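The values are calculated or read from the model by the stated rules, or taken from the named source; none is laboratory data. Computed from a predicted structure; not experimentally measured. Counting neighbours? That spans all protein chains shown, and the Cβs are built from the backbone with ideal geometry, glycine included.
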């Protein structure tokens, strides 16, 4: 299995699309979000610069590649072979992939990895932010929910379509 870069990059758009819904003013956005984030109305109303959007997309792409490596177990074989897809067609790698390759490319597997990524990475990092920046519990739960759903959707998409058989 090799990475399907188009799917991985498409998965990087999921946090953008989901943020539009999650942080809509009828859900957690607008004045509610600005108050929760301790942000002035003026600062909250200022437009996001294109460079910041590009950096966000770049960060989402890093997350997406991390989710790929976390969710697609065959990526370990690919990495151990130095990223040479031809070596995956012969020998021990081919035998391993013939027996185990593709077994866990399901939505359920993606759900499990989205939950695990949230529990092991987002929760501790967000916990530090909340503790040391003295953010509210509501801030914690809103952002934890946002990242849980975003990472889970990314993991499901990548689990189903993020790897290409060799």
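Data table
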item: Pair list, Cβ under 8 Å, 6 or more apart: region 96-122 residue under 14 Å from residue 162 (Cβ atoms), other residue assigned to a loop (DSSP other than H, G, I, E, B); result: 101/1; 101/74; 101/165; 102/1; 102/74; 102/165; 104/73; 105/72
item: Search result, residues across region 1-11 that are within 13 Å of residue 157 (Cα to Cα) and touching a residue at least 60 places away in the same chain (Cβ under 8 Å); result: 3, 4, 7, 8, 10, 11
item: Test: residue in region 16-39 that is within 30 Å of residue 75 (Cβ to Cβ), touching a residue at least 12 places away in the same chain (Cβ under 8 Å) and in contact with a helix residue (DSSP H, G or I) (Cβ under 6 Å, 6 or more places away or on another chain); result: yes
item: Within region 67-87, considering residues that are touching a strand residue (DSSP E or B) at 6+ places or on another chain (Cβ under 8 Å) and more than 15 Å from residue 157 (Cβ to Cβ), the one surrounded by the fewest Cβ atoms within 10 Å (Cβ to Cβ); result: 85
item: Helices (runs of 4 or more DSSP H) (entirely within region 65-166) containing at least 1 residues that are touching a helix residue (DSSP H, G or I) at 6+ places or on another chain (Cβ under 8 Å) and modelled with pLDDT of 95 or more; result: 107-117, 123-132, 137-161
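Here's the yes/no breakdown for (1) surrounded by 14 or more Cβ atoms within 10 Å (Cβ to Cβ); (2) touching a strand residue (DSSP E or B) at 6+ places or on another chain (Cβ under 9 Å); (3) modelled with pLDDT of 90 or more; (4) under 20 Å from residue 151 (Cβ atoms):
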position	(1), (2), (3), (4)
4	yes, yes, yes, yes
8	yes, no, yes, yes
14	yes, no, yes, yes
17	no, no, yes, yes
21	no, no, yes, yes
31	no, no, no, no
34	yes, no, no, no
37	yes, no, no, no
42	no, no, no, no
